[in-house]
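S.K.: Please read through the structure below; I'll follow up with questions.
The values are calculated or read from the model by the stated rules, or taken from the named source; none is laboratory data. Everything numeric in this text was worked out from a predicted model, so none of it was measured. Positions of Cβ are generated from backbone atoms using ideal geometry, with glycine treated the same way; all protein chains shown enter the neighbour counts.
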Amino acid sequence: MTGPNGGGAAGQRSGSSRQSLEAWLRLCLSSPKVCIACTLQFVCVLLLMVDFGVAWALLPSPGHHNHAMPFFLLVTLAAGTAFSGWSLRKISRQQNRSHDVLFENSVSFVNLIGRHFTEWSLTPSERQVAVLAIKGLPIAEISRLRQTRPGTIKSQCNAIYRKAGVSGRPQLISLFIEELMDDGFSIQPISDGSST
């Protein structure tokens, strides 16, 4: 059976490695201080391993007790680095999941708005004005963006409110908020990472 890259198990490992690298790069861009700290830990582990290996090879008695402390430090630092890497990977996965859920919720909200606009039989111009009004832009700003007179925007807003069966912008926004809070609407909660 072939993987997504067409190379079977090797292709799946390659795809997984690529996703891990992409996740690591996103994490580094979002929190460079954490990335630098983890990288410094990794470099320290490598330097300590080289130093310990050289000392082990050059000293005449490899079983001598002088190796106990550097070996303990090496194992402790390596364990700390592995734990940091695991924690960063877990955080990266949580960020990816949160991003995916946020995207799905945004799509659901856009679909909800589109469904209502269709039910209300809004014209394309009214749809544009309604979206800008829902975003909270004032009439003057909507007028500037649409390159029309403020009076035209006011009359379009009044037509939107009349078709929606509301008395103004706050009620229009409230209508969407109420529907979002309705149990039948499928907004997924964004995980805080406490239950993994």
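S.K.: Would you mind telling me which numbered condition in (1) within 16 Å of the chain's Cα centre (by Cα); (2) at pLDDT 75 or above; (3) of a type outside the set (A, V, I, L, M, F, W, C) residue 39 fails?
M.R.: Unmet for residue 39, out of (1) within 16 Å of the chain's Cα centre (by Cα); (2) at pLDDT 75 or above; (3) of a type outside the set (A, V, I, L, M, F, W, C): (1).
S.K.: From 92, 106, which residue is in contact with a helix residue (DSSP H, G or I) (Cβ under 9 Å, 6 or more places away or on another chain), of a type in the set (Gly, Ala, Ser) and modelled with pLDDT under 85? I'd like the intermediate steps shown before the answer.
M.R.: Details: 106 fails: in contact with a helix residue (DSSP H, G or I) (Cβ under 9 Å, 6 or more places away or on another chain).
Only one candidate qualifies: 92.
One line per residue, one yes/no per condition, for (1) surrounded by 12 or more Cβ atoms within 10 Å (Cβ to Cβ); (2) at pLDDT 95 or above; (3) under 30 Å from residue 97 (Cβ atoms):
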position: 121; (1), (2), (3): no, no, no
position: 127; (1), (2), (3): yes, no, no
position: 132; (1), (2), (3): yes, no, no
position: 165; (1), (2), (3): no, no, no
position: 172; (1), (2), (3): yes, no, no
position: 176; (1), (2), (3): yes, no, yes
position: 180; (1), (2), (3): yes, no, yes
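S.K.: Tell me, please, whether a residue that is in contact with a Leu (Cβ under 9 Å, 6 or more places away or on another chain), surrounded by 14 or more Cβ atoms within 10 Å (Cβ to Cβ), at pLDDT 65 or above and not hydroxyl-bearing (Ser, Thr, Tyr) can be found in the stretch 61-69.
M.R.: Going residue by residue through the stretch 61-69, those that are in contact with a Leu (Cβ under 9 Å, 6 or more places away or on another chain) are 66-67.
Those left that are additionally surrounded by 14 or more Cβ atoms within 10 Å (Cβ to Cβ): 67.
Keeping just the survivors that are at pLDDT 65 or above gives none.
Scanning the stretch 61-69 turns up no residue that is in contact with a Leu (Cβ under 9 Å, 6 or more places away or on another chain), surrounded by 14 or more Cβ atoms within 10 Å (Cβ to Cβ), at pLDDT 65 or above and not hydroxyl-bearing (Ser, Thr, Tyr).
S.K.: Here's a follow-up. Among the residues of the stretch 120-165, which ones are over 25 Å from residue 179 (Cβ atoms), without any contact (Cβ under 8 Å) to a residue 12 or more places away in the chain and part of a helix (DSSP H, G or I)?
M.R.: If the condition is that a residue be over 25 Å from residue 179 (Cβ atoms), without any contact (Cβ under 8 Å) to a residue 12 or more places away in the chain and part of a helix (DSSP H, G or I), then 140, 141, 143, 144, 150, 151, 152, 155 are the ones that fit.
S.K.: Also, quick follow-up: Can you tell me which of 103, 117, 176 is touching a residue at least 24 places away in the same chain (Cβ under 8 Å) and in a helix (DSSP H, G or I)? Outline the logic, then answer.
M.R.: On the way: 103 fails: touching a residue at least 24 places away in the same chain (Cβ under 8 Å); 117 fails: touching a residue at least 24 places away in the same chain (Cβ under 8 Å).
It is 176.
S.K.: Here's another thing I want to ask about it. Within the stretch 101-124, is there a residue that is among the polar types (S, T, N, Q) and under 30 Å from residue 53 (Cα atoms)? Walk me through it before giving the result.
M.R.: Taking the stretch 101-124 and keeping what is among the polar types (S, T, N, Q), we get 105-106, 108, 111, 118, 121, 123.
Add one more test, that the residue is under 30 Å from residue 53 (Cα atoms), and what stays is none.
No.
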